[in-house]
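Before any comments, here is the structure.
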Amino acid sequence: MPKRNLMALEQTLAILKPDCVKKELIGEVLKRIQDAGFSVNALKMTRLSKQTACGFYAVHEGKPFFELLTDFMSSGSCVPIVLEKENAVADFRKLIGATNPAEAEEGTIRKAFADSPPHNIVHGSDSAENAKKEITFFFTQQELLINQG
Ligand code: GDP
C-alpha cells in the first residue's frame, strides 16, 4: 500500500522587511517563496512604529543590535505575510538562509538579496509556537478568515 503523507499543513509568519520594499524586491522575493511551495494565506503592507517594532522584537531587548534593528524595522513599509505549507516553519527558515547574509547558503533569499544585518530582507518565525504569536501580532481573526471561504 502506498504510504500516505500524514504531515499537516503548518503556518509561518514572513515579513518582507523595509530593505526588501525599498529595493523594489517584493515581487521577486514573493515569487521565490511561492515557487518553493508556500501558499499566501494573508498579506498586508504596513509600517511599524518604533514602539511596535520594539514589541515585536522584545526578545532581543538589551542586545547590542536592538536599537539598530528596531530603527530599521520602523524606517519604512514592510509586508507581513501568513504562509502555509507542510513543515512551513522549518522549510521557510531553510529558504531564507542564515541571519547574516554573508553566512547564508547559495540559493537562499538572504544570500541572493540581502546586505548585512539588520538589513536581511525577510523575517521568518523560528518555531510553530512563535509563528502563532507573530501571526496574531499582525493579523486580526477576521483577516485570517478571509481566505477560508
Ligand atoms: P532571524 O531569526 O534570522 O531573523 O534572527 P534573530 O531572531 O536572531 O534576529 C532578528 C533580526 O535582528 C535579524 O533578522 C537581523 O535583522 C537582526 N540581527 C540579528 N543579529 C544581529 C547582529 O548581530 N547585528 C545586527 N546589526 N543585527 C542583527
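The values are calculated or read from the model by the stated rules, or taken from the named source; none is laboratory data. Not measured: the values here are computed from a predicted model. Positions of Cβ are backbone-derived with ideal geometry, glycine not excepted, and every protein chain shown enters the neighbour counts. Side chains are part of the model used for accessible areas, which takes the heavy atoms of the whole protein and leaves out ligands, DNA and RNA. Shrake-Rupley method; radii C 1.70, N 1.55, O 1.52, S 1.80 Å.
Share of Cα-Cα pairs in region 1-91 beyond 16 Å, in percent?
Counting pairs separated by more than 16 Å, the tail of P(r) holds 62 percent.
Could you name the lysines in cross-link range of LYS50, using Cα to Cα under 26 Å and dropping any fewer than eight places away on the same chain?
LYS17, LYS22, LYS23, LYS63, LYS132, LYS133
Based on Cβ point charges of +1 for Lys and Arg and -1 for Asp and Glu, what charge dipole magnitude is obtained for the chain about its Cα centre, in debye rounded to the nearest 20?
On the way: 18 positive and 19 negative charges, 46 e Å.
For the chain, the charge dipole is close to 220 debye.
Might you tell me the accessible area per residue for region 21-83, computed with a 1.4 Å probe and given in Å²?
About 54 Å² of surface per residue is accessible.
Which of rounded, prolate or oblate describes region 52-149 when judged by the alpha-carbon gyration tensor and an a/c cut-off of 1.5? Please list the in-between numbers first.
Values: a/c = 1.90, a/b = 1.22, b/c = 1.55.
Oblate.
Just name one of PRO117, ALA8, PHE66: the one whose Cα is farthest towards the positive end of the charge dipole of the chain (beta-carbon charges, Lys/Arg +1, Asp/Glu -1).
ALA8
Using 0.36 nm per residue of separation minus the Cα-Cα distance, give me the extension gain between LYS22 and GLN141 in nm, one decimal.
Once the chain is fully extended between LYS22 and GLN141, it gains 39.9 nm.
Relative contact order for the chain using alpha-carbon pairs under 8 Å, separation at least 6, rounded to a whole percent?
RCO, the chain: 35 percent.
I'd like to compare 86-95, 9-18, 30-39: which one has the highest average count of other Cβ atoms within 10 Å, and what's the full order after that? Display every interim value, and only then the final one.
On the way: 86-95: 18.2, 9-18: 22.0, 30-39: 15.5.
Most protected by this proxy first, the peptides run 9-18, 86-95, 30-39.
Roughly how many debye, to the nearest 20, is the charge dipole of region 70-135 about its Cα centre, given +1 on each Lys and Arg Cβ, -1 on each Asp and Glu Cβ, and no other charges?
Roughly 100 debye for region 70-135.
Provide the gained length on full extension for the span GLN34 to ASP115, in nm with one decimal, where the gain is 0.36 nm per separating residue minus the Cα-Cα distance.
26.9 nm
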